[in-house]
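What follows is a short report on a single structure.
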Amino acid sequence: PEAGKDIYTTLDMNFQDMAEIALRRKLTEAQADFGCVIVMEVATGEIRAMANLTRRPDEKYEEVFNYALAGSTDPGSTFKLPTMMALLEETKMNPNQVTVNTGTGSVRFRGLSINDSKRGGHGVLTAAQVFEKSSNIGVHLLMQRYFFSKPDKYLQYLKQFHLTEPTGIHMKGEN
């Protein structure tokens, strides 16, 4: 400890305990390799809980890595909202009328596999249903349809939403 170097946190021990217990329960149920939960107070942006658990060889879960800040997994559902916002802003589409065929639940793009969580896929969805069902394929196909020929425009929206800069939460490892 150093005088003047106090640490203040917005974590709430009750929320933290609930988040860790719920995460451990769901990871065990799904036999998942790892998982992460973040609880944020929407009005202030303050982080109330952050739990990260990894399955060890003995099948027990421990906190050994901060996936929330340093993980390099696909952005998944967290990136669907800004993508849909950019699509709605750019196209002024009616999300209940524009459709996309998500197929059988898996597509390849530039050598990468994009999958939906529903086995067998969702088939044809409206843009609204793509968001409601959290379809990775649907968001990808809509984004590709409207921004493939103008990637700079898409990036402009991401910059406008401040998604190309650090959040400023002052924790090491933020991607």
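Within the chain, the ratio Rg/Rh, alpha carbon atoms throughout and Rh by Kirkwood, equals 1.02.
Amide H to amide H distances under 5 Å link HIS122 with GLY105, where only residues 5 or more positions off or on other chains count and H is placed in the peptide plane. The lysines within cross-link reach of LYS5, meaning a Cα-to-Cα straight distance under 19 Å and a gap of 8 or more places when in the same chain, are LYS172. Selection among LEU112, GLY45, PHE65 by position relative to the dipole of the range 22-175 gives LEU112 as farthest towards the positive end (Cβ unit charges, Cα centre).
Peptides 45-56, 93-104, 3-14, 131-142 ordered by packing proxy, namely the average of other Cβ atoms within 10 Å per residue, highest first: 131-142, 45-56, 93-104, 3-14. Pairs LYS133/LYS153; LYS60/LYS80; LYS80/LYS118; LYS133/LYS159; LYS92/LYS153; LYS60/LYS118: which are spaced more than 23 Å apart, C-alpha to C-alpha? Distance filter (> 23 Å) returns LYS133/LYS153; LYS60/LYS80; LYS133/LYS159; LYS60/LYS118. Adding -39500 (n - 2.57) for every DSSP H run of four residues or longer, then dividing by how many residues the chain holds, sets the calculated 222 nm ellipticity at -11000 deg cm²/dmol. Only helices reaching 18 angstrom along their own axis (Cα) with mean Kyte-Doolittle hydropathy no lower than -0.5 count here, and for the DSSP H runs of the chain these are 13-30, 77-91. Comparing THR164, THR91, THR44 in a Gaussian network model of the chain, where Cα atoms under 10 Å apart are tied by springs, the biggest mean-square fluctuation is seen for THR44. Counting only residues at least eight positions apart within a chain, or on another chain, the aspartates and glutamates with an alpha carbon under 16 Å from that of LYS150 are GLU89, GLU90. Considering only PRO151, PRO82, PRO57, the Gaussian network model of the chain with Cα springs below 10 Å gives its largest mean-square fluctuation to PRO57.
Applying 1/(1 + (r/R0)^6) with R0 = 25 Å to the Cβ-Cβ distance of THR10 and THR164 gives a FRET efficiency near 0.50.
Label separation (ILE21 vs LYS150): 5.1 nm, computed from points 7 Å beyond Cα along the C-beta direction. Backbone amide hydrogens, once placed in the peptide plane, bring GLU46 within less than 5 Å of GLU41, excluding anything fewer than 5 places away on its chain.
All of the numbers you see were taken from the coordinates with simple rules; none came from a lab. All values derive from a computational prediction rather than experimental measurement. For neighbour counting, all protein chains shown are included, and Cβ atoms are generated from backbone atoms with ideal geometry for every residue, glycine included.
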